[in-house]
Amino acid sequence: MAQPLGGSVLAVLFLLACSAMAMAAYNVVDFGAKPDGQTDSAKAFLAAWEATCGARKPATMVVPAGRFLVSQALFKGPCKNAGMKMVIQGTLVAPPGYSDITQWITLKYVEGLSVYGGTLDGRGQALWACKKARRSCPYGATSLTIGQSKNILLSGIRLLNSEVFQMSIFSSTGVTVRGATITAPGDSPNTDGIHVQMSSSVTIRGSTMRTGDDCISLGPGSAHVWIENIKCGPGHGISIGSLGNAAQEAGVQNITVRSVAFTGTQNGLRIKTWGRPSNGYVKGITFEHAVMSNVQNPIVVDQNYCPSNINCPGQSSGIKISQVNFHDVRGSSATQVAMKLDCSPSNPCSEVSLKDIKLTYRNKQAQSYCRNVKGTASGVMNPPSCL
Ligand SMILES: *[C@@H]1O[C@H](CO)[C@@H](O)[C@H](O)[C@H]1NC(C)=O
């Protein structure tokens, strides 16, 4: 498969297309934005957005090259057209230091928007330092939030050094992320790449993620999600969960994670649930064609998550996990137990299918661990199956 075109190439193509079709284009600089990295351009960005969103025909918002300081921006719909574009050649820069805001750049109630290019520099360093020093610090801001929105494309976005999550997609449908580059240091706290929750028809492909937490995490209510051709590491891997924190929770279903390369990550492919009662479920999951390089826990199902042993010791997860495939997973584990399937005593995992697992552990035999799992193994199994 061809790699997606770079954001800036697409940006130029779109500018040409726009002028050819005389599509309305609203440039943030014309609304007063300053590419000096110091003057707060939030008001100008919002004014350009109002014009784009309020246009009766498909319109384009343009951010030219340069560094634009944006204190905070909520791009809100509903809009008057569903064929909007945002062409971003420059970088949006968060303010220095940190504050109490929890969302930096947000799309809300937006339907029909394609974003080409763009770099979002969250400048999370000051907040990470505060957290490392264990002072009392604010929670932090997600760099890009897509909420209550529909039919959104992000092509070639770069997310850099967010305070907490780099991107969060919630209560949305039809969101495609392609050719994203997401970067934060491996030791930066809570800098998950993309978190998905209460959303369906989400596609994430052809992207590179280096983070201090999960590259991609799928929370309650994630459905019909397609993840393909991702490079992950450093980071904590690709995770379904944590689930089952609440007693009443939406399930996770029909998730495909295909052709992911994990390098030096804490986990590879993981399903994680709290060890306490919940009515949620996980079903119809396919993990296939994964390559692990020195991954601590390449395959993990952990239904006994109970951080700090608060509110769950001795309890059992209510989340029902079924129809999970791990097919064609190869490479190297950094620990001897390369595959750990530790399911709930009260709700054993069912219909788990293992096929062609080829994981090595240095010059020793890799091992697998199963508890409360029903399923089948076929093809090459290394470590040997524990089913
Ligand atoms: C599963 O999700 C994919 C998108 O990832 C979608 O194309 C497919 O129709 C879904 N299958 C079902 C049975 O809903």
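If you place +1 on the Cβ of every Lys and Arg and -1 on the Cβ of every Asp and Glu, how big does the dipole about the Cα centre of segment 24-211 come out, in debye to the nearest 20?
Numbers: 19 positive and 10 negative charges, 43 e Å.
In debye, rounded to 20, segment 24-211 gives about 200.
Kindly identify segment 24-211 as rounded, prolate or oblate by the Cα gyration tensor criterion: order the square roots of the eigenvalues as a ≥ b ≥ c, call it rounded if a/c is under 1.5, otherwise compare a/b with b/c, prolate if a/b is larger, else oblate.
Numbers: a/c = 1.83, a/b = 1.31, b/c = 1.40.
Oblate, since a/c reaches 1.5 and b/c is not below a/b.
Work through the residues other than THR263 whose Cβ is under 10 Å from its Cβ and net out their charges, Lys, Arg +1 and Asp, Glu -1. Intermediate values should be presented prior to the final figure.
Numbers: positive: ARG210, LYS231; negative: none.
Combined, the nearby Lys, Arg, Asp and Glu give +2.
If contacts are Cα pairs under 8 angstrom and at least 6 residues apart, what is the relative contact order of the chain in percent? Could the numbers behind the result be given before it?
On the way: 1272 pairs, mean separation 31.2, N = 387.
It rounds to 8 percent for the chain.
What ranking do 300-308, 270-278, 34-42 get when scored by the average of other Cβ atoms within 10 Å per residue, highest first?
On the way: 300-308: 18.3, 270-278: 23.2, 34-42: 16.0.
Result, highest mean first: 270-278, 300-308, 34-42.
Within 15 Å, Cβ to Cβ, of GLY375, how many net charges do the neighbouring residues add up to if Lys/Arg are +1 and Asp/Glu are -1?
Details: positive: LYS283, LYS320, LYS340, LYS355, ARG371, LYS374; negative: ASP342, GLU351, ASP356.
In short, +3.
Quickly work out the THR376-to-ASP342 label distance, labels modelled 7 Å from Cα along the C-beta direction, and quote it in nm with one decimal.
Spacing of the two 7 Å Cα→Cβ label points: 2.9 nm.
Would you give the gap between the C-alpha center of segment 119-163 and the C-alpha center of segment 225-300, rounded to a whole Å?
21 Å
What ranking do 310-319, 237-246, 45-54, 137-146 get when scored by the average of other Cβ atoms within 10 Å per residue, highest first?
Numbers: 310-319: 16.9, 237-246: 23.8, 45-54: 20.1, 137-146: 22.2.
Going by the mean number of other Cβ atoms within 10 Å, highest first, we get 237-246, 137-146, 45-54, 310-319.
Can you give the helix-only mean residue ellipticity at 222 nm for the chain, where every DSSP H stretch with n ≥ 4 adds -39500 (n - 2.57) and the sum goes over all residues, rounded to the nearest 500 deg cm²/dmol? Write down the numbers at each step before the final one.
Details: 3 runs with 36 residues, N = 387.
The helix-only estimate for the chain comes to -3000 deg cm²/dmol at 222 nm.
With +1 on each Lys and Arg Cβ and -1 on each Asp and Glu Cβ, and nothing else charged, work out how big the dipole of the chain is about its Cα centre, in Debye to the nearest 20.
260 debye
Let me know the volume per residue of the alpha-carbon convex hull for segment 67-108, in Å³.
Values: hull volume 3.0 nm³, N = 42.
Dividing the Cα hull volume of segment 67-108 by its residues yields 71 Å³.
Choose one of GLY90, PRO78, THR102: the residue whose Cα lies farthest towards the positive end of the charge dipole of segment 55-108 (beta-carbon charges +1 Lys, Arg; -1 Asp, Glu; about the Cα centre).
PRO78
Rounding to the nearest 20 debye, state how big the charge dipole of segment 172-284 is about its Cα centre with +1 on each Lys and Arg Cβ and -1 on each Asp and Glu Cβ.
Numbers: 9 positive and 6 negative charges, 53 e Å.
Here the size comes out at about 260 debye.
Tally Lys and Arg at +1 and Asp and Glu at -1 over the other residues with C-beta under 10 Å from the C-beta of HIS289: what net charge comes out? All intermediate terms of the calculation are to be shown ahead of the outcome.
Details: positive: ARG258, ARG330; negative: GLU228, GLU288, ASP328, ASP356.
In short, -2.
Label points 7 Å out from Cα along the Cβ direction at ALA246 and ILE310: separation in nm?
Distance between label points: 1.9 nm.
Apply the a/c threshold of 1.5 to the C-alpha gyration tensor of segment 244-326 and tell me whether it is rounded, prolate or oblate. If you can, show how the numbers build up before the last one.
Values: a/c = 3.17, a/b = 1.48, b/c = 2.14.
Note, shape of segment 244-326 comes out oblate.
Read-outs throughout are calculated quantities, based only on the coordinates presented, and are distinct from any laboratory measurement. Bear in mind the structure is a predicted one, so any value in this text is a computation, not a measurement. Backbone-built Cβ (ideal geometry, glycine too); neighbour counts: all protein chains shown.
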